[in-house]
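Report on the structure given below.
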Amino acid sequence: MCGIVGYVGNQEAAPIILHGLRQLEYRGYDSAGLAVLDGDGGVQVRREAGKLLNLEQAVSQAPVTGAVGVGHTRWATHGPPSQRNAHPHSSPDGDLVVVQNGIVENFLDLRQELERAGYTFRSDTDTEVIVHLIDQHYHNGSAGDLEDAVRKALLRLKGPSAIVVLSAHHPDRLIAARLGNAGGVTIGFGRGEMFVASDIPAILRHTRQVAFLDNRQMAVVTAHGAVFKDLDGRPLAKECTRIDWNPTAAEKGEFRHFMQKEIFEQGRSLTDTLRSRLDFQRNAVVLDSLNLTPDHARRLTKLTIVACGTSYYAGLVGKYYIERLARLPVEVDYASEFRYRQPLVASDQMVLAITQSGETVDTLAALEEARTGGAFTAAIVNAIGSQAARVTDGHIYMQAGPEIGVASTKAFTASTTDLLLLAIYLGQQRGVLAEAESARIIRALSMLPGLAGELLEDALQNDRYRELAERYHTFYNFLYLGRGIHYPIAREGALKLKEISYIHAEGYPAGEMKHGPIALIDATMPTVVVAPRDHVYDKMISQVEQVKARSGQVLAVAHANDEAIRAKVDAVMPIPVADELLTPILAVMPLQIFAYEMAVRRGADVDQPRNLAKSVTVE
Ligand code: AGP
């Protein structure tokens, strides 16, 4: 997903923009560029294909000076990664530049219309139609001023777009605008300086005071503040949000990769996730931001969870929690399926999105579908102020801090923990969960961060996972098996391995082995089993036997003190003994570490895996 950083103030813009773009690298990109207004009102543009380093070198070889500028990292949708397709894109006279995140779905029609009007295109991108449309409205008198020209151009676009416009005719300002769900536009408030960014980590070093643009909104940003309007030109009052993350939260620290840091900080992130949500006096869970009354909770007949990728697997875990503790039927659906299948949604239902970024286009579209059907909509979301947190009737923040690595780790354990909290909350509100049971689970939950810390500290202290990576990094196929609440953990473990090591892996319900996958088993196809001692442990052991009988190797996520399974398998990834409801949250961690070490051993780009983006804001 593209990254945008803008600056208007009293410092040199280029270093601030480049540092901000670095903080957004995790979003995935293939080229980068920036534009800065110099003291004479000229627009200086630098663009390079490839990594940010190329742009930094271009800027150091040909410096740009000025206190107003905008930068962009591009994740190619229309047109290959190249310098000519990198943003910013300029108007014919070079006085106007635009950067964009999103897609112009009607760009071909607009391009032909503009070519007929005499515009020459110099790139293959859809974005270039935006800058020429603004230029056309600005110069042909159909717009009162630049702001109006931007507004009129945006209203011609189909599809989601987040843009920032810089003009030599208005050297004291940037214009930012958002149309649909094209990823966030954050406005940062400094002292005598202002910032625009796709995401908070880009500007956290400079300010904690931010405001967010919603769909069909724009901001005229000068060094002394921002004026917010909707696309009809009506003024908007915007509240500032204070971001409490510490700036190092978006830094790697002593870890080699963001993903490694985020795996090993799950003891702390789970502490934050639980913070102010466990009421030991009342043996109750506190989820005020969900805005769900007891009466409404009692009237619910169904909960549908919609999500993508890792968040979808968290939803599968949530189904077990909520059906067991709240006695509420739960359906879990891929957001990309839900949004197009004309789902049966009604006002006595709740539709819950799970989304780390809060900006995933399929998940936001599924929420729109749910709202149209009259359901109560909610989101479990990590990114503060993101679209999912703002368009729903209620939300639960994951409170996991910024997750920078493309492969989601601490957000998964945060969202599964939030789902357990939600299950307790709904069980209490619906009067189906006994207080003694609530008290027991709440006490168990309070142990979770310590158990996670114990597991992760043990993993840090020995070479177990590096040794496993040494033994298995040359294999090209893995099967992951789990039963019951651990079946989704097997799915998530397989996704982790796939997306960062590029090894094919498939998560399967263990009971399905005989219905096909067992045909695959041989010495070249290792099997990972999630096999804590639970009510289906014996079934998992027989699965292990079946794999071993066919010369298959078995790696087991199992209780550290389980000597029986240790004697049967080729390797154990240990987890501490814990309440059965907490075990899936712990069991995913060894699979995260295993995938990480495999990717490192294979020399893969762990934090920015090929073809992937941290938040998928385009279909
Ligand atoms: C998970 O490691 C991937 N990065 C991806 O599957 C991700 O979970 C999915 O794109 C959903 O993202 P979201 O939680 O931000 O909506």
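For the reader, a short list of remarks on this structure follows.
- Range of Cα positions in segment 424-466 per principal axis (Å), largest first: 48, 15, 10
- Backbone N under 15 Å from the Asp172 label point (7 Å along Cα→Cβ), restricted to segment 4-35: 8-10
- Helix-only [θ]222 nm of the chain, DSSP H runs n ≥ 4, -39500 (n - 2.57) each, per residue, nearest 500: -11000 deg cm²/dmol
- Stokes-Einstein diffusion for segment 42-138 at 20 °C, viscosity 1.002 mPa s, with a Kirkwood radius from C-alpha pairs, works out to 152 µm²/s.
- Cα-projected label distance for Asp579 with Asp522, points at 7 Å along beta-carbon direction, nm: 4.7
- Only Cα pairs under 8 Å and 6+ residues apart enter the sum, and on that basis the relative contact order of the chain stands at 12 percent.
- Radius of gyration (Cα atoms) of segment 454-526, expressed as a multiple of 2.2 N^0.38 Å: 1.21.
- Label-point separation, Tyr537 to His139 (7 Å along Cα→Cβ), nm: 7.6
- Partners of Lys229 within straight-line reach, counting aspartates and glutamates whose Cα lies under 17 Å from its Cα and excluding those fewer than 8 residues away in the same chain: Asp145, Glu147, Asp148, Asp214, Glu239.
- Charge tally in the Cβ shell below 15 Å around Leu110, where Lys, Arg are +1 and Asp, Glu are -1, Leu110 excluded: -3
- Residues Ser446 and His473, FRET efficiency given R0 of 45 Å [Cβ-Cβ distance, rounded to 0.05]: 0.75
- Whether segment 92-171 is rounded, prolate or oblate, judged on the alpha carbon gyration tensor where a/c under 1.5 counts as rounded: rounded
- Alpha carbon centroid spacing (whole Å) that separates segment 385-447 from segment 1-54: 37
- Ordered from longest to shortest, the equivalent ellipsoid semi-axes for segment 398-557 are 31, 21, 15 Å, each the square root of 5 times a Cα gyration tensor eigenvalue.
- Potential lengthening of the chain between Arg268 and Asn291 amounts to 5.6 nm, from the contour at 0.36 nm per residue minus the alpha-carbon distance.
- Taking θ as phi - 60° and the Karplus parameters 6.51, -1.76 and 1.60, the scalar couplings of segment 543-551 work out to 5, 4, 4, 5, 5, 5, 5, 10, 6 Hz in sequence order, x denoting glycine and proline.
- Computed on segment 383-485, the Cα convex hull volume stands at 174 Å³ per residue.
- For the chain, the antiparallel share of DSSP beta bridges with both residues in that region comes to about 60%.
- Listed pairs Lys496/Lys614; Lys514/Lys539; Lys319/Lys410 exceeding 18 Å between Cα atoms: Lys319/Lys410
- When only alpha carbons are used to place a centre, segment 477-526 and segment 242-285 end up 29 Å from one another.
- The value given for segment 473-594 is a Kirkwood hydrodynamic radius of 14.0 Å, derived from the mean inverse Cα-Cα separation.
- Rg/Rh for the chain (Cα atoms only, Rh after Kirkwood) is 1.00.
- Backbone N within segment 167-195 under 18 Å of label point (7 Å from Asp148 Cα along the Cβ vector): 169-170, 175
- Direction-averaged projected area, Cα convex hull, segment 532-619: 8.4 nm², rounded to one decimal.
- Projected over every direction and averaged, the convex hull enclosing the alpha-carbon atoms of segment 307-372 yields 4.3 nm².
- Rounded to the nearest 20 debye, the dipole size of segment 1-146 about its Cα centre is 440 debye, using +1 on the Cβ of Lys and Arg and -1 on the Cβ of Asp and Glu.
- Shape descriptor for segment 332-435: Rg over Rh equals 0.98 (Cα atoms; Rh from the Kirkwood inverse mean 1/r).
- Diagonalising the gyration tensor over the Cα atoms of segment 129-196 and scaling each eigenvalue by 5 before taking the square root yields semi-axes of 21, 17, 8 Å, largest first.
- Expressed as a fraction of 2.2 N^0.38 Å, the C-alpha radius of gyration for segment 251-298 is 1.72.
- The stretch between Asp40 and Thr372 holds 114.4 nm of extra length on full extension. This uses 0.36 nm per residue minus the Cα-Cα distance.
- For the peptides 137-143, 49-55, 5-11, residues were scored by their other Cβ atoms within 10 Å and the scores averaged per peptide; the highest-first order is 5-11, 49-55, 137-143.
- Mean-position separation - Cα centroids, segment 159-203 and segment 316-383, in angstrom: 30
- Near the amide H of Leu287, within less than 5 Å, lie no amide hydrogens of residues on another chain or at least 5 residues away, with H placed in the peptide plane.
- Computed from phi, the 3J(HN,Hα) profile of segment 447-458 under the Karplus parametrisation 6.51, -1.76, 1.60 (θ = phi - 60°) reads 8, 4, x, x, 5, 5, x, 5, 4, 6, 5, 4 Hz, with x in place of Gly and Pro.
- Here segment 363-411 is treated as a Stokes sphere of Kirkwood radius computed over C-alpha pairs; at 10 °C and 1.306 mPa s its diffusion coefficient rounds to 137 µm²/s.
- At full extension, Ser551 and Leu53 could sit 174.5 nm farther apart than now, given 0.36 nm per residue minus the alpha carbon distance.
- The Cα-based radius of gyration of segment 188-230, divided by its Kirkwood radius, gives an Rg/Rh of 0.95.
- Helix 361-372 axis, angle to the chain major axis (alpha carbon atoms, nearest 10°): 90
- Ellipsoid equivalent to segment 233-272 - semi-axes via the Cα gyration tensor, in Å: 33, 13, 9
- Per-pair calculated FRET efficiency, R0 = 22 Å: Glu619 and Asn106 via Cβ, rounded to 0.05: 0.90
- Tail fraction, Cα-Cα pairs, segment 190-319, threshold 18 Å, whole percent: 74
- Local electrostatic count, Arg464, Cβ distance below 12 Å [Lys/Arg +1, Asp/Glu -1]: -3
- For segment 525-567, Kirkwood radius (reciprocal of mean inverse C-alpha pair distance, Å): 10.5
A short reminder: the numbers here are calculations on the coordinates, not readings from a lab. Everything numeric here is computed off the predicted structure, so don't read it as measured data. Note that we place each Cβ from the backbone using ideal geometry, even for glycine, and neighbour counts take in every protein chain shown.
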